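Written below as structure tokens is the structure these notes are about.
The values are calculated or read from the model by the stated rules, or taken from the named source; none is laboratory data. Source: prediction; values computed, not measured. Heads up, the Cβs are rebuilt from the backbone with ideal geometry, glycines too, and the neighbour counts pull from every protein chain shown. Please note that ligands, DNA and RNA were not included when accessible areas were found on the heavy atoms of the full protein model with its side chains. Shrake-Rupley method; radii C 1.70, N 1.55, O 1.52, S 1.80 Å.
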There are 2 protein chains.
Amino acid sequence: MADDGDEAAKRPVTIYDVARAAGVAPSTVSRAFARPGRVNADTAARIRQVAAELGYRANPMAQALSTSRTKMIALMISDVTNPFYSELIRGAQLAASEAEYTVLLADARESDVVERLSLERVLPAVEGIVIGSSRMSDSSLRVIAKQKPTIVLNRDVAGLPSVVTDNPRGVRRAVEHLGELGHQQITYVAGPEASWADGARWRALREAGHELELHTRRVGPVPPTVVGGRGVVEKLLDNLPTAVLAYNDLVAIGLMRGLAAAGIDVPRDVSVIGFDNIMAAELVTPGLTTVAAPLRTMGVTAVKNLQAIINGALHRSEAAFVLPTRLVQRESTARARR
Amino acid sequence: MADDGDEAAKRPVTIYDVARAAGVAPSTVSRAFARPGRVNADTAARIRQVAAELGYRANPMAQALSTSRTKMIALMISDVTNPFYSELIRGAQLAASEAEYTVLLADARESDVVERLSLERVLPAVEGIVIGSSRMSDSSLRVIAKQKPTIVLNRDVAGLPSVVTDNPRGVRRAVEHLGELGHQQITYVAGPEASWADGARWRALREAGHELELHTRRVGPVPPTVVGGRGVVEKLLDNLPTAVLAYNDLVAIGLMRGLAAAGIDVPRDVSVIGFDNIMAAELVTPGLTTVAAPLRTMGVTAVKNLQAIINGALHRSEAAFVLPTRLVQRESTARARR
DNA sequence: CAACTCGTGGCAACGGGTTGCCACTCCCCC
DNA sequence: GGGGGAGTGGCAACCCGTTGCCACGAGTTG
């Protein structure tokens, strides 16, 4: 008998219990918490007191049901295992919990089908959605956005608010950097064609190259992973570039490993620049020069603005937030070989 | 006017709408979905038909309120930015969505206070909790576990079900490996003292060292990060070991970088072994030899068992699931210098 | 033919808060 | 003394499914 400390999972305390114990109506208890000022200060204090003693905790489901505010937002990302998202998730969490929101993480596992399905599943439970690097079509995204406030991340969908990095400026800085090192030609290793960032980066590269009078070339697309980067090396070998801009850090790292395996030295023979500045960029040898994205800030910005939309402070279709990038110079870039 | 395509955020369709359209009672609609077989097959078919036409979607909050099954579980982890969790999260997601559950990711940000607070916040909304590498005390964990089904991960709390890796065997393999390479002494770089895994690993190391007649030593504790690992190098310099076992891969990587900076070659001068086999372990140079944990499987196992508890198929206090580890040999270990 | 069982659908209460509206008390002011 | 208003608290409806219980008709059984 003494063993069974379960105490019979007693039902949680409700406002009715509190009301009875405090000698007021349930509605008054409700207001004491939800509408401070609406009830007499003394009464409210007493109610809080009693509530604390009883261990009252509002039932979020009940709250959500009557107010239709679930205090939850969804964060949909294309692949949880991609380190790109680590800091971003943290930023989102930070901003969300500051507003007392909970984030519901959904993982598309690289598949637009999974993405749509999970979205469908979580949609009714959340007040808004942040969709990172979606694999879905613009029109599917608009369908979603019609149902709940939505912000897209790392993508630009006409009519939907978005948070993106300043790819043009970032690419520009990378190109300038390579130009200063004497490179005359830059090869871009492309990522997924469905990726908006990919298009933006290649376009920016072409423009910057044009202006600064550097020749540009494009290979790929490759999967946005280490393996993808490694696989492209072979295509580079017959006409070895002196400088490569890779779709993202993972591709850049894969590329560096592939080059090393082929006996080509980075940065002496080839300079490599990535995008994102994930943690691994600092850990590899040589350290990867990369166009850093403000990962955490992206998460924070997305959630804050989503909240603004939810609260009606921002119109749904407004604004693209462009966050600054910055070139982090490490050891993967050097003077062009001659 | 034409601009405003909002169509006045029409309230979602409820069972009442469906009931009216199908000419039945709301309860029948409810049963058509929740209790197939309880209503006539023809009626049910018609209801489904109508529901589909109207685009009916059950309101999860209302469902949760009356059944007190929210179809959500919480996954609490000590630090989202730690790559250790990436695959684990994916595994948890996988297992959860298979059972039509949604996972609510909570991040303790390395703080037991944040951990407790987030736990409090999500507790009422979920049916169960997986707590990874908790920073909280055993007793706090038991308090939580008393309120909702709980599984701890990477930790062993008396009376609570847990999922852990087979540290003794993993350490044993690592020690054997080092022994074969001629090392006679192994230094352990300790992680957080609050970490159960840390204790388990050090203990296992001592035992294995004793059996295999290798001398063991312990330095630290250090924060379980790259910076932490890097910082410990200085303490190692006066009495440079030939072999180091680090608390986890991040520490091992930091250590390797620190050693390299001090002009010490890994693996020629010092062999290094980590734990977990995070992605970066493969990317660094030299590649890190490590005791691999079945990251994804851990996530899956934890969630599956949590579900078993929720469904009453498993008693709360039962069982510790011990998952196998395996030694991944890369380039950070070599014959002992003489 | 009475008594019973099944199959099926409806009624109404319930879960736990929220909120519009009304009632009552006090106070103030003319 | 009467009208007006501010401050408080309660009543009851509502959010949207779920489910215990009952009713009704059809089919079965003795």
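Return a whole-number percent for the relative contact order of the range A:15-58, with Cα pairs under 8 Å and 6 or more residues apart as the contact set.
40
Where the centroid of each part is defined by its Cα atoms, how far is the range A:263-338 from the range A:187-208 in Å?
Result: 14 Å between the Cα centres.
Once the other residues with Cβ under 13 Å from the Cβ of B:Thr333 are scored (Lys, Arg +1; Asp, Glu -1), what is the net sum?
That works out to 0.
Place the peptides B:198-208, A:202-212 in order of packing, highest mean first, counting for every residue the other Cβ atoms within 10 Å and averaging per peptide.
Those peptides, ordered most packed to least, come out B:198-208, A:202-212.
Could you pull out every residue, at least 5 positions away or on a different chain, whose amide H is within less than 5 Å of the one on B:Leu327? Hs are placed 1.01 Å off N in the peptide plane, and Pro or chain starts have none.
Residues meeting the criterion, in which the H sits 1.01 Å from N, are B:Ala292.
Give the residue from A:Gly287, B:His315, B:Val152 lying farthest towards the positive end of the charge dipole for the protein assembly as shown; charges sit on Cβ (+1 for Lys and Arg, -1 for Asp and Glu) and the dipole is referred to the Cα centre.
Sorting the options by dipole projection puts first B:His315.
Kindly give the distances from A:Ser27 to its copy-mates, label point to label point, with each label point 7 Å from Cα along Cα→Cβ, as nm values to one decimal ordered shortest first.
Distances between equivalent label points, in nm: 2.9.
Around A:Val244, which amide H atoms from residues at least 5 apart in sequence, or from another chain, sit under 5 Å from its own amide H, with H modelled in the peptide plane?
Under 5 Å from the amide H of A:Val244: A:Thr187, A:Ser271, A:Val272, A:Ile273.
Would you mind listing how long chain A runs along its three principal axes, going by Cα atoms, in whole Å with the largest first?
Its Cα atoms span 88, 53, 36 Å along the three principal axes.
Using a simple charge model, +1 on the beta-carbon of Lys and Arg, -1 on the beta-carbon of Asp and Glu, nothing else, what dipole does chain A show about its Cα centre, in debye to the nearest 20?
780
With the contact rule set at Cα under 8 Å and sequence spacing of 6 or more, what percent relative contact order holds for chain A?
It rounds to 17 percent for chain A.
Quote the Stokes-Einstein diffusion coefficient, in whole µm² s⁻¹, for the range A:1-127, based on the Kirkwood radius over alpha carbon pairs, a temperature of 25 °C and a viscosity of 0.890 mPa s.
138
For peptide B:295-307, what's the mean number of Cβ atoms from other chains within 10 Å of each residue's Cβ?
Mean number of neighbouring Cβ atoms from other chains: 0.
What average count of beta carbons from other chains do you get within 10 Å of the Cβ of residues in B:56-67?
The per-residue average across the peptide is 5.
Pop a pseudo-label 7 angstrom from the Cα along the beta-carbon direction at both B:Arg142 and A:Val143 and give the gap in nm to one decimal.
5.2
Rounded to the nearest whole Å³, what is the per residue volume of the convex hull around the Cα atoms of the range A:167-293?
In the range A:167-293, the Cα convex hull volume per residue is 87 Å³.
Between A:His315 and the same site in the other copies, what are the distances in nm, shortest first, taking label points 7 Å from Cα along the C-beta direction?
In ascending order, 6.4 nm.
On the accessible surface of the range B:15-58, probed at 1.4 Å, how many percent belong to carbon and sulfur atoms?
That share works out to 49 percent.
Quick check: net charge around B:Glu282, other residues with Cβ under 11 Å of its Cβ, Lys/Arg +1 and Asp/Glu -1?
Local net charge: 0.
Stick to the Cα atoms of the range B:15-58, pair each with every other, and give me the Kirkwood hydrodynamic radius in Å at one decimal.
Hydrodynamic radius (Kirkwood, Cα pairs) of the range B:15-58 is 9.8 Å.
Would you compute the Debye intensity of the range B:79-206 from its alpha-carbon atoms alone, equal scatterers and no solvent, and pass along log10 I(q)/I(0) at q = 0.11, 0.14, 0.20 Å⁻¹ to two decimals?
Per q value, in the given order, log10 I(q)/I(0) is -0.46, -0.71, -1.22.
Output ³J(HN,Hα) for the range B:55-69: one whole-Hz value per residue in order, computed from phi by the Karplus curve 6.51 cos²θ - 1.76 cosθ + 1.60 with θ = phi - 60°, and x for Gly and Pro.
x, 6, 9, 4, 7, x, 5, 5, 4, 4, 4, 7, 9, 6, 10
Label-to-label distances across copies for B:Asn239, with labels 7 Å out along Cα→Cβ, in nm, shortest first?
6.1
Among A:Lys71/B:Lys146; A:Lys146/B:Lys304; A:Lys71/A:Lys146; A:Lys146/B:Lys148, which pairs are too far apart, with a Cα-Cα distance over 30 Å?
In this structure, A:Lys146/B:Lys304; A:Lys146/B:Lys148 lie more than 30 Å apart at Cα.
How big a patch of accessible area, both sides summed and in Å² to the nearest 100, lies buried between A and B at a 1.4 Å probe?
Result for this pair: about 4000 Å² buried.
Given +1 on the Cβ of Lys and Arg, -1 on the Cβ of Asp and Glu, and no further charges, what dipole in debye does the range B:144-285 carry about its Cα centre, rounded to the nearest 20?
Once rounded to the nearest 20, the dipole reads 480 debye.
Between A:Ala262 and B:Asn239, with labels modelled 7 Å along Cα→Cβ, what's the label distance in nm to one decimal, could you check?
Those two pseudo-labels are separated by 4.9 nm.
Using a basic spin-label model with each label point 7 Å from the Cα along Cα→Cβ, how many nm lie between B:Ala99 and B:Ala194?
If labels sit at B:Ala99 and B:Ala194, their model points lie 2.8 nm apart.
At a 10 angstrom cut-off on C-beta neighbours, averaged per residue, how do the peptides A:272-282, B:252-262 rank from highest to lowest?
A:272-282, B:252-262
Taking amide H positions as placed 1.01 Å from N in the peptide plane, with prolines and chain starts having none, which residues 5 or more places from A:Arg335, or on another chain, fall under 5 Å of its amide H?
none
Considering every residue in A:121-134, what mean count of other chain Cβ atoms within 10 Å of its Cβ is obtained?
That average works out to 2.
If you take all C-alpha pairs in the protein assembly as shown, what percent of them are over 47 Å apart?
Above the 47 Å cut-off, the protein assembly as shown has 25 percent of its Cα pairs.
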